[in-house]
Amino acid sequence: MLDDKAQASVAALETRGLTKQFGRGPKARVSVDHLDLTIQQGEVYALLGDNGAGKTTTIGMLTTLLPPTAGYFKICGFDGRKQSEKTKGLFGVVSQDVAVYQELTVWENLKFLADLYGIEEKKAQTRIEKLLARFDLADRINEPAERLSGGMQRRLAIACAMVNSPRVLFMDEPTVGLDPGARRQIWATIKELKTLGVTILLTTHYLEEAELLADRIGIIKGGKLLIEGTVAQLTQKIRGMRGISVKFDPRFFVEPEQRTKLDEALQRLRQAFPDALAAPEAVRIDELRNTVYFLSVHEALAGEAEKFFKAIYQWLEDEKLDFVRVAFGEPNLEDVFMAVIK
Ligand SMILES: Nc1ncnc2c1ncn2[C@@H]1O[C@H](COP(=O)(O)OP(=O)(O)OP(=O)(O)O)[C@@H](O)[C@H]1O
Ligand SMILES: [Mg+2]
């Protein structure tokens, strides 16, 4: 092992050119494409991306379930494949599907893992008790996992991943499918793990989750890392895309007649502002978020953005378009995400 000083300077996780291709020939699909990540010790890094972006495949490689097609990765300085006997003890993983043994009790799940890691009986006992307290499961120790709520099962899965005190924790969508209360509890858990110095790579498609938990965020699409940085840095990077967004009544996106009405109204708006809205990318319709983005209008209008803002309100009124809200100004993480992901 390295001494403490040397260890402190080594990145907790480093991937270089990490690539995974499934299939061959014309059917080949590159799911992770030359991923370069460097995550420092104690950092929480959120890999943000839509369905199929390559998040789980990345975690699969990092946890040695999937052999990479190309590239390498290091955990605390050790090569993840060539020195896997060294790296195995260094990380824990919470997979996308809760993987606890349903028929085993809470205690048995944890004990099973402690035995698997060869943790000596007394040490295991203390360790498990600590984890149960930390993850708020102490009063459920004799209950089979299947009787726990989704949120509790997720906490148990995290506790299981922490049994061997890993330095690095991989969490694949740790809060997917949980209600808001349970999500908040998981967030608190992750924050607590961070204070203990655990390095965490988590994946999510929840922007607010990434924003809340992560020191740095990387946005991945089609297996490629498109952009990364702190929330402030990401926002800074797309200053030029500052603009206006209008969230509409959902029916504009589900009823064809209403949609035609919106499209025609947009057409008229474009004609009214040919300078600001002529470029095809100046107006973007996000079907999932019921939102229309008017990008870069700031720059296009050279200081006339206020006027445009008022014009948008006028347009909404004239066209009798029901909207939920109009937002204007500094981009938030959602704007960054939308700007990058398009
Ligand atoms: N075993 C496999 N064989 C073939 N293709 C696969 C395999 N596993 C994943 N893929 C493909 O790789 C791409 C990335 O999938 P992956 O599961 O990593 O995405 P994800 O970002 O985790 O998505 P989600 O948010 O839905 O979990 C997808 O197009 C998927 O179909
Ligand atoms: Mg996934």
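The values are calculated or read from the model by the stated rules, or taken from the named source; none is laboratory data. The structure displayed is predicted, hence computed values, not measured ones. Here the Cβ positions follow ideal geometry from the backbone for every residue, glycine too, while neighbour counts run over all protein chains shown.
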Is it the case that some residue within the stretch 28-50 is within 23 Å of N164 (Cβ to Cβ), within 12 Å of ligand 1 (Cβ to nearest atom), within 19 Å of the chain's Cα centre (by Cα) and not small (G, A, S)? no
Do you know which residues across the stretch 159-175 are crowded, with 18+ Cβ neighbours inside 10 Å and part of a loop (DSSP other than H, G, I, E, B)? M162, V163, N164, P166, R167, E173, P174, T175
I want to confirm something. Restricting to the stretch 222-250 and keeping residues that are at pLDDT 70 or above and in a loop (DSSP other than H, G, I, E, B), which single residue is farthest from ligand 1 (Cβ to nearest atom)? D249
Set T57, T69, T64, T87: member being touching a Gly at 6+ places or on another chain (Cβ under 6 Å) and among the hydroxyl-bearing types (S, T, Y): T87
For the stretch 80-98, check the following and say yes or no: at least one residue is part of a loop (DSSP other than H, G, I, E, B), more than 15 Å from ligand 1 (Cβ to nearest atom) and under 27 Å from L226 (Cβ atoms). yes
When the stretch 190-206 is examined, which residues are found to be surrounded by 20 or more Cβ atoms within 10 Å (Cβ to Cβ) and either within 14 Å of the chain's Cα centre (by Cα) or over 13 Å from G42 (Cβ atoms) (or both)? I190, I200, L201, L202, T203, T204
When the residues of the stretch 55-77 are filtered to those that are under 19 Å from L213 (Cβ atoms) and within 12 Å of ligand 2 (Cβ to nearest atom), which remaining residue is nearest to the chain's Cα centre (by Cα)? K55
Restricting to the stretch 275-286, give me the number of residues that are part of a helix (DSSP H, G or I) and either at pLDDT 85 or above or under 23 Å from F253 (Cβ atoms) (or both). 4
Could you tell me which residue of the stretch 11-54 is farthest from ligand 2 (Cβ to nearest atom), considering only residues that are closer than 30 Å to K191 by Cβ and among the β-branched types (V, I, T)? T38
Which condition breaks for L116 when tested against (1) away from ligand 2 (no atom under 16 Å from the Cβ); (2) of a type in the set (A, V, I, L, M); (3) touching a residue at least 24 places away in the same chain (Cβ under 8 Å); (4) closer than 30 Å to R147 by Cα? (3)
Can you find even one residue in the stretch 102-116 that is in the same structural domain as I186 (by TED's automatic domain parsing), assigned to a strand (DSSP E or B) and farther than 14 Å from T15 by Cα? yes
Tally, over the stretch 181-221, of residues that are within 14 Å of ligand 1 (Cβ to nearest atom), aliphatic (A, V, I, L, M) and without any contact (Cβ under 8 Å) to a residue 60 or more places away in the chain: 0
Filter result for the condition that a residue is within 16 Å of ligand 2 (Cβ to nearest atom), hydrophobic (A, V, I, L, M, F, W, C) and in contact with a Gly (Cβ under 9 Å, 6 or more places away or on another chain), over I186, I220: I220
Having 3 or more residues that are surrounded by fewer than 19 Cβ atoms within 10 Å (Cβ to Cβ) is the bar; report the strands (runs of 3 or more DSSP E) wholly within the stretch 25-75 that clear it. 29-39, 70-75
